[in-house]
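One structure is given here, and the rest of the page talks about it.
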């Protein structure tokens, strides 16, 4: 008699096979090599599976009140094996992580120092990913369309003259790379983490962009915004992609994006030149936009930015704002 674990392995492999055929065909036609294959499609199998070219990244969203069949080790081994066999990958190219609810801000938890890295491609650009050491790889696939949008918007802004872009909570700098690819004359990337800031520099260098006109700041965004406003700094585009919550000791205060987004939008908007653009996104699922400053006209572009390989239509919210010209 088949065990509960055998049953889950079977239906998971079957679902992954179907998704791989469907999504794989779309990805090849679209020239996309990094995409989501499985997104908790079957509720009792709480896995998210992303393919990064020849690597597979699996995250288990463990809920303490729900028992998975078998031991944690057996579950991990069987599901990893089912995934690699379904996709024809090597065992050593599958990375499985457990995302436990240990508190907010967990995306920054370091898991190991194995330093298994690879270069993957997106939109004609190159990005360094880390498959082993963090819960996330360094390239969030749900923002694939949003990143391409940044490149297009910078290109359009460039028709009127030089373009200066500010990327806040810049993480590994993927938005900065796309801004540079769109012809931004200067960028400033701000993040609290020196590790991610060095990673962002590497991503820019991987694409052949000189660092001369691209500045990187390890700083608290709230403090940075105050200093920039006092200095009279102006930008043509600001990218604001903050975490949902942060209580980092490096910050002057806690960040709760639902509570603080109005203040952040106003602070970013004041740094924009008339007609300048602000791209704001958040992964808070129940996010509600409120308190936006009157000098910004804001459009909800979420539906346009959710990629077709994502089943979860609330993986992020995205907004595009323009500073009034008057």
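The values are calculated or read from the model by the stated rules, or taken from the named source; none is laboratory data. What you see is a predicted model, and the numbers here were worked out from it, not measured in a lab. Note: ideal-geometry Cβ built from the backbone for every residue, glycine included; neighbour counts use all protein chains shown.
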Answer yes if at least one residue in segment 63-76 is closer than 22 Å to residue 140 by Cα, outside any strand (DSSP E or B) and not assigned by TED's automatic domain parsing to the domain that holds residue 145, and no otherwise. no
Among the residues of segment 278-300, which ones are within 19 Å of residue 151 (Cβ to Cβ) and surrounded by fewer than 18 Cβ atoms within 10 Å (Cβ to Cβ)? 299
Taking the condition at pLDDT 95 or above, surrounded by fewer than 17 Cβ atoms within 10 Å (Cβ to Cβ) and part of a helix (DSSP H, G or I), does residue 10 pass? yes
Candidates 135, 153, 128 - the one that is modelled with pLDDT under 95 and either more than 13 Å from the chain's Cα centre (by Cα) or not assigned by TED's automatic domain parsing to the domain that holds residue 225 (or both): 135
Need the failing condition index for residue 265 against (1) in contact with a helix residue (DSSP H, G or I) (Cβ under 9 Å, 6 or more places away or on another chain); (2) surrounded by 15 or more Cβ atoms within 10 Å (Cβ to Cβ); (3) in a helix (DSSP H, G or I), just the number. (1)
Mind listing whichever residues of segment 208-224 are surrounded by fewer than 15 Cβ atoms within 10 Å (Cβ to Cβ) and not in a strand (DSSP E or B)? 208, 210, 211, 212, 213, 223
Take segment 60-77 and flag every residue that is surrounded by fewer than 19 Cβ atoms within 10 Å (Cβ to Cβ) and in contact (Cβ under 8 Å) with a residue 60 or more places away in the chain. 69, 70, 74
From the list 36, 29, 85, pick out the single residue that is at pLDDT 95 or above, within 26 Å of residue 148 (Cβ to Cβ) and more than 20 Å from the chain's Cα centre (by Cα). 29
Would you point out the residue of segment 225-245, among those that are surrounded by fewer than 21 Cβ atoms within 10 Å (Cβ to Cβ) and in contact with a strand residue (DSSP E or B) (Cβ under 6 Å, 6 or more places away or on another chain), that is nearest to residue 289 (Cα to Cα)? 245
